[in-house]
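This report refers to the structure that appears directly beneath it.
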Amino acid sequence: MTNNETPIQMFEIPNEWSYRGEGNCNIVLAIPKQKKILRIRKIEKPKSILGWLLVLINDFLHWYYGKGYKDESRDINFYLNILRPLIGNEYTSEAKQVFLSRKHVHIFKEELTKIRPEFRQNKTLQYGRAALFHDFAYLPSLDDNLQFSQNTFSVEIKPKQGWRPMKEHFLPQCLYCMNQFLKIQNKQIKTLTKYCPEELFSGDRDRMKTALNNLFQIPQNNFKIFKNGSIYYDERHKDTTILKEIFESTDSDDTLAEELSDFLQRCLTTNFSISSTKKDTYCVIHDNASHDQKLQVGSVLERILSVQMLDTEGSHSTYKKWSKNDMWENWTYVDKILEIVKNNKNGCVKCSIINASKSYEDELMFVPYLVSAIAKDCSLMITFRRVLEIPSNLHNLKNLLKTNYGYFLINIGVFDLYPKPLSTILKHYKRNKDIIKVFNKQK
């Protein structure tokens with residue numbers, strides 16, 4: 001765990017690294033020999049010479065005074081002590097903060113300019129903000145008693161918001177589906193998808209398979225397939241031969257796509273969790289809402305949904321509370337909730353969050369919404385490798401799934417779990433207003 005007593009590690013750029021992808025806040029680089037990913041924070045590019053000068057000065061001062069280090073340490077501690085226990089250690093990675101020198105940052109910037117999507121290049125790398133995680137595109141370990149096929153495959157899914165708080169039930173569709181029309185208007189996408197996250201989180205086998213197949217047909221930025229850590233299928237590369245490689249079959253694409261949907265549905269609804277310390281257990285009082293769904297308790301989707309369901313107010317009601325005070329600090333809540341969780345003797349993180357939100361009239365009242373927002377925007381990766389032969393005494397291994405094309409060893413990881421600023425509330429409120437306005441025009 002990263003803490004104030006852990007010396008920061010200087011990161012040396014390896015000979016082999018590759019661009020894995022990026023979101024609004026971070027760039028992710030893959031380091032295949034270490035089976036690690038390097039996550040680097042992004043900032044807006046200055047729009048003037050003076051702006052660039054201020055960035056250079058601020059970077060130097062922030063690092064000199066330890067702000068860059070402290071900000072990254074704060075985020076990692078929040079991830080390790082809040083999100084990991086909520087999602088489950090078995091579905092999440094350890095994290096180690098590292099330091100990139102100015103020379104390293106410059107090298108990455110130069111190389112990444114050639115390969116980053118144009119629409120992402122409005123942001124650049126932030127000095128002093130980097131961390132290492134396990135690369136979920138690789139299986140963490142292989143059983144010596146099993147014989148495997150040559151290749152490891154992984155499917156990355158950004159499932160999005162799987163349910164609606166009661167106060168948002170008036171909406172004609174889920175926000176994700178309605179947002180498609182706003183994205184079309186803003187030219188962020190070219191084609192509407194039929195994927196609906198509420199279908200995926202429904203727990204109903206057929207509805208989930210339909211949702212997964214819709215993701216496969218129109219991936220947008222929510223579905224990718226990797227082979228040995230390299231991307232082979234996404235919105236820009238729709239090479240369906242990857243299905244034949246996964247299942248080692250010459251059956252039709254339609255047949256194999258159906259098999260993939262069935263396989264992924266079972267991965268998402270199988271309980272791969274292992275009870276360990278008290279901190280990883282879940283309070284029955286505050287955790288039974290997601291269990292009323294059809295999802296298998298302990299499955300990765302049920303874990304994500306249980307965190308999403310911390311938001312009981314919705315964006316509009318939360319914004320009304322937030323708007324009563326224009327002096328909120330973006331990150332004060334992080335240290336406050338970490339201290340409360342640290343002092344909670346029963347070890348239930350969810351209890352700490354809910355009780356704190358009801359007991360205080362400060363930023364802590366917004367923690368359920370902000371933690372829920374992280375789970376609504378997280379990603380997961382299902383990694384698997386075909387098993388050629390299984391000894392009879394290993395047929396009941398928990399992380400083995402049988403398909404029509406043989407057995408596969410499974411591992412699932414959840415990532416993109418860093419804290420969001422308090423200003424996320426205003427951002428969501430404005431975005432949702434635009435979504436509803438554009439959607440109503442379609443009627």
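The values are calculated or read from the model by the stated rules, or taken from the named source; none is laboratory data. Since the model is a prediction, treat every value here as computed from it, not as a measurement. When we count neighbours, we look across all protein chains shown, and the Cβ atoms used for this are built from the backbone with ideal geometry, even at glycine.
Checked against (1) under 27 Å from Gly162 (Cβ atoms); (2) part of a helix (DSSP H, G or I), Met381 meets all criteria but (2).
Each row is one residue, and each column tells you yes or no for (1) on the phi < 0 side of the Ramachandran plot; (2) modelled with pLDDT of 95 or more; (3) in a loop (DSSP other than H, G, I, E, B); (4) touching a Gly at 6+ places or on another chain (Cβ under 9 Å).
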site: Val414; (1), (2), (3), (4): yes, yes, no, yes
site: Leu417; (1), (2), (3), (4): yes, yes, yes, no
site: Leu422; (1), (2), (3), (4): yes, yes, yes, no
site: Lys437; (1), (2), (3), (4): yes, no, no, no
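Checking each residue in the stretch 236-257 for being in a loop (DSSP other than H, G, I, E, B) and in contact (Cβ under 8 Å) with a residue 40 or more places away in the chain picks out Glu248, Ser249. Checked against the criterion of being assigned by TED's automatic domain parsing to the domain that holds Ser306, touching an Asp or Glu at 6+ places or on another chain (Cβ under 6 Å) and not in a helix (DSSP H, G or I), the stretch 211-223 has at least one qualifying residue. Applying a threshold of 7 Å to beta carbon distances and a minimum spacing of six or more residues, or different chains, the list of pairs starting in the stretch 341-359 at a residue that is in the same structural domain as Asp311 (by TED's automatic domain parsing) and ending at one that is at pLDDT below 90 and surrounded by fewer than 15 Cβ atoms within 10 Å (Cβ to Cβ) reads Gly347/Lys278. You will find that of Ile40, Ile8, Ile76, Ile31, the residue that is within 28 Å of Phe119 (Cα to Cα), at pLDDT below 90 and either buried (at least 21 other Cβ atoms within 10 Å of the Cβ) or not polar (S, T, N, Q) (or both) is Ile40 and no other.
Looking only at residues in the stretch 162-216 that are aromatic (Phe, Trp, Tyr) and under 21 Å from the mean Cα position of the chain (by Cα), the one that is modelled with the lowest pLDDT is Trp163.
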